[in-house]
Amino acid sequence: MEARSMDAEACSVEAPPIRRLEESVVNRIAAGEVIQRPFSAVKELVENSLDASSSSINVYIKDGGLKLIQVSDNGHGIRYEDLPILCERHTTSKLTSYEDLKTISSLGFRGEALASMTFVAHVTVTTITEGQTHGYRASYKDGVLEQEPRPCAAVKGTQIMVENLFYNMAARRKSFKNLSDEYARILDVISRYAIQKINVSFSCKKHGDSTTDVHTTGMGSRIDAIRSIYGPSVARELVEITASDDDISRSIFKMEGLVSSANYSAKKTTMVLFINDRLVECSPLKKAIEVVYSAILPKASKPFIYMSIVLPSEHVDVNIHPTKREVSLLNQESLVDTIQNAVEAKLMHSNTTRIFYTQKTLPGISKVANTEEEESLSQKLETKLPNVPVRKIVRTDSSNPAGRMHAFLQKKPNGGQEAQGDLVTIRHAVRQRRNPKETADLTSIHELMDAVDRNTHSGLLDIVKDCTYVGMADNTSALVQYKTQLYLVNVVKLSRELMYQQVIRRFAHFDALQLSNPPPIFELLLISLDEEERSGLWDESDGPKEQIARLNVELLEKKYEMLKEYFCVGIDQQGNLYNLPLVLDQYTPDMDRLPQFVWTLTNDVDWDTEKGCFESIAAAIGDFYALHPPLLPNPSEEGPKFYQISEGNDHMDQQKETNIDEDLIEEAKIKWDQREWAIQHILFPSLKLFLKPPKEMASDGTFVQVACLENLFKIFERC
């Protein structure tokens with residue numbers, strides 16, 4: 001009886017009445033379908049800019065798009081008369097009747113994008129049309145213009161700002177926990193349109209960054225756009241592909257695209273698909289192409305695919321998804337099969353030219369020549385290695401050139417064993433000159449040599465003798481490794497000190513560098529005086545340049561015998577410099593610094609005392625022979641500005657043309673390359689043999705430790 005009464009009560013409950021939802025609720029629900037995430041808003045705004053015939057689109061994002069989305073273009077703008085209804089639902093300039101959908105060619109058509117944004121964010125529009133003297137700014141909320149558009153300064157086109165996205169939808173706003181992920185989705189949308197619309201310039205920048213994350217010029221090819229966005233590793237492995245069908249019984253379409261070859265592989269598939277210039281997704285087509293690649297690529301490797309399909313507008317239904325992400329195609333199965341067969345045929349051809357990159361040994365390591373050496377090597381490997389802590393293990397040492405930076409950047413020249421033998425011979429000859437007993441029996445020279453020995457820093461001496469040259473860090477500093485430490489060393493200071501010490505050691509025992517065209521000392525001094533004038537170190541009150549140069553020439557002529565006998569600096573009776581000392585074997589100084597060297601000899605040498613004279617002359621020679629950066633700027637850096645030559649007439653209304661002095665650039669490249677080679681192959685081997693680093697180098701910035709394996713090990717051990 002109780003059960004029957006309960007059933008009767010349930011049957012007696014009245015059905016709830018059906019009510020018409022309020023318009024604000026309807027609009028809020030619709031907005032949530034169209035604008036699902038921040039990238040959905042960006043996509044709609046970019047498509048509106050493209051429909052406005054824009055050639056430049058700039059996007060600015062803050063906090064993954066939740067705080068601010070700003071899209072600016074240079075399109076035709078929005079008329080002032082249209083601003084009041086701009087953000088109302090279903091207001092559009094793209095179609096007037098439902099039948100227009102059959103031939104729609106624009107990306108937007110329903111008039112829901114801007115309206116949806118105003119229901120979930122604060123929208124501000126700034127626009128100007130052709131012929132207007134000023135633009136207008138209008139703000140919208142819930143699809144309604146908040147106040148009359150205000151006149152303002154504006155550039156051609158339209159700028160739309162969407163602020164505080166989903167401010168009134170707390171649950172959805174909180175669901176976006178990773179703002180970087182949202183920004184990555186926005187970049188992906190812009191990148192895809194930048195590949196398709198190669199005649200439009202795109203840029204996307206995040207708030208607080210000084211550089212753009214996506215930037216295309218709108219002038220290059222599609223391959224250039226892909227290289228700019230996805231990198232050269234993707235662009236160089238792409239092959240062109242085409243497919244088409246004109247059989248009415250199957251399908252009518254034309255496809256052009258780029259697909260990755262068998263040499264490319266990635267962790268996930270990247271498919272950029274446009275149908276009638278509309279960015280869409282097509283799961284059946286994507287799966288069909290992945291099936292083809294799965295038979296060719298290694299396991300878990302994925303391809304890169306770009307396709308643009310054009311087919312009659314009446315064969316495409318663009319109105320099946322709120323965000324226009326998908327479309328419905330007529331005869332889709334036939335279209336997918338045709339494209340799949342085309343991709344398979346293209347990949348079967350490229351599969352015959354696959355490339356595999358291997359590296360059995362590090363550059364510079366010679367192969368074992370015979371069986372006996374192989375057996376000896378295997379026996380060494382089988383012996384128990386010393387138990388070295390991981391934080392103490394280093395990749396290379398000073399006795400093994402393998403692993404240096406230049407081993408990876410340059411090919412080893414032929415005849416390496418002969419070059420090594422020549423180097424051994426040179427080192428042996430140079431070692432013989434290290435004996436102080438061969439120097440002139442002068443007390444002042446012995447005192448200078450003793451001062452070098454007393455002032456030697458033992459720690460720096462160990463570093464210099466056992467370090468490994470890694471490579472140049474900048475124009476004056478090189479990276480060297482010593483045990484588990486990495487040091488930045490000043491090659492100019494090291495080479496200057498090395499040359500000074502070599503002059504003291506080789507005192508009165510120099511070989512000569514003969515100058516083929518002996519320059520007049522008078523002319524060298526005039527060149528140096530011109531440089532002094534440019535530096536502000538000489539003016540007319542100091543006396544005429546010719547008189548100063550003539551007096552200095554007379555001074556050097558008086559010291560001719562001493563300079564020739566002790567330092568091999570030869571001056572003939574006509575006042576020409578014909579001889580220079582060979583301070584370091586296989587090394588010739590930069591002759592561009594010869595005027596400064598002669599000026600230093602005449603003005604910075606202490607001619608009053610024997611010891612002071614020898615020391616200052618040795619310092620002058622050491623500075624002249626040091627490996628300074630060449631006087632010509634480095635063309636590989638900011639140097640090209642130096643080599644610009646302006647050509648044209650003097651009329652102000654005619655634009656001058658700027659050319660580059662290619663000969664001067666080539667000369668500069670040769671000088672910089674020669675210097676870098678000398679640093680690696682002459683300076684550092686000589687430093688190991690001869691240099692005794694003075695104690696002041698430990699504190700004047702000549703040696704700077706930049707990394708230590710033990711400290712790095714402590715950091716990464718916690719990761």
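The values are calculated or read from the model by the stated rules, or taken from the named source; none is laboratory data. In this text, all values refer to a predicted model and were calculated from it rather than measured experimentally. Virtual Cβ from ideal backbone geometry, glycine too; neighbours counted across all protein chains shown. Calculation scope for accessible area: heavy atoms of the full protein, side chains included, ligands and nucleic acids excluded. Shrake-Rupley method; radii C 1.70, N 1.55, O 1.52, S 1.80 Å.
A single entry from ARG222, ARG227 fulfils the requirement of being buried (at least 18 other Cβ atoms within 10 Å of the Cβ), within 30 Å of MET255 (Cβ to Cβ) and of a type in the set (Lys, Arg): ARG222. Starting from segment 202-215, take each residue that is touching a residue at least 40 places away in the same chain (Cβ under 8 Å) and charged (D, E, K, R) and list its partners that are open to solvent by less than 70 Å² (accessible area, probe 1.4 Å) and in a strand (DSSP E or B), counting only C-beta distances under 7 angstrom and pairs at least six apart or across chains. Listed by first residue and then by second, the contacts come to LYS205/TYR60; LYS206/ILE61.
Which of (1) charged (D, E, K, R); (2) surrounded by fewer than 17 Cβ atoms within 10 Å (Cβ to Cβ); (3) at pLDDT 90 or above does ARG434 not meet, given it meets every other one? Looking at each condition in turn, ARG434 falls short on (3).
Of everything in segment 463-476, what is surrounded by fewer than 18 Cβ atoms within 10 Å (Cβ to Cβ) and within 12 Å of LEU691 (Cβ to Cβ)? Give them in sequence order. Across segment 463-476, the qualifying residue is only LYS465. Checking each residue in segment 509-524 for being modelled with pLDDT of 90 or more and aliphatic (A, V, I, L, M) picks out ILE521, LEU524.
Assigned to a helix (DSSP H, G or I) and among the charged types (D, E, K, R) - does that describe any residue in segment 274-286? Show your work before the answer.
First, pick out the residues of segment 274-286 that are assigned to a helix (DSSP H, G or I): 283-286.
Now narrow it down to the ones that are among the charged types (D, E, K, R): 286.
The answer is yes, given that some residue of segment 274-286 is assigned to a helix (DSSP H, G or I) and among the charged types (D, E, K, R).
Note on segment 135-154: among residues that are in contact with a helix residue (DSSP H, G or I) (Cβ under 9 Å, 6 or more places away or on another chain) and aliphatic (A, V, I, L, M), the one that is farthest from ASP73 (Cα to Cα) is VAL144.
Scanning segment 443-458 for residues being open to solvent by 30 Å² or more (accessible area, probe 1.4 Å) and either in a helix (DSSP H, G or I) or at pLDDT below 90 (or both) gives a total of 8.
In segment 205-219, the residue that is modelled with the highest pLDDT out of those that are open to solvent by less than 60 Å² (accessible area, probe 1.4 Å) and in a loop (DSSP other than H, G, I, E, B) is THR216.
Hey, can you tell me all the residues within segment 123-150 that are of a type in the set (D, E, K, R) and touching a Gly at 6+ places or on another chain (Cβ under 6 Å)? Within segment 123-150, no residue meets the criteria. Applying the criterion of being of a type in the set (Gly, Ala, Ser) and touching an Asp or Glu at 6+ places or on another chain (Cβ under 9 Å) to the residues of segment 266-295, the residue that is least open to solvent (accessible area, probe 1.4 Å) is ALA288.
Kindly indicate which of SER260, SER328, SER334, SER308 is in contact with an Asp or Glu (Cβ under 8 Å, 6 or more places away or on another chain), touching a residue at least 12 places away in the same chain (Cβ under 8 Å), within 25 Å of SER116 (Cβ to Cβ) and polar (S, T, N, Q). Please lay out each step first, then the result.
Numbers: SER260 fails: within 25 Å of SER116 (Cβ to Cβ); SER334 fails: within 25 Å of SER116 (Cβ to Cβ); SER308 fails: within 25 Å of SER116 (Cβ to Cβ).
Within the list SER260, SER328, SER334, SER308, the selection yields SER328.
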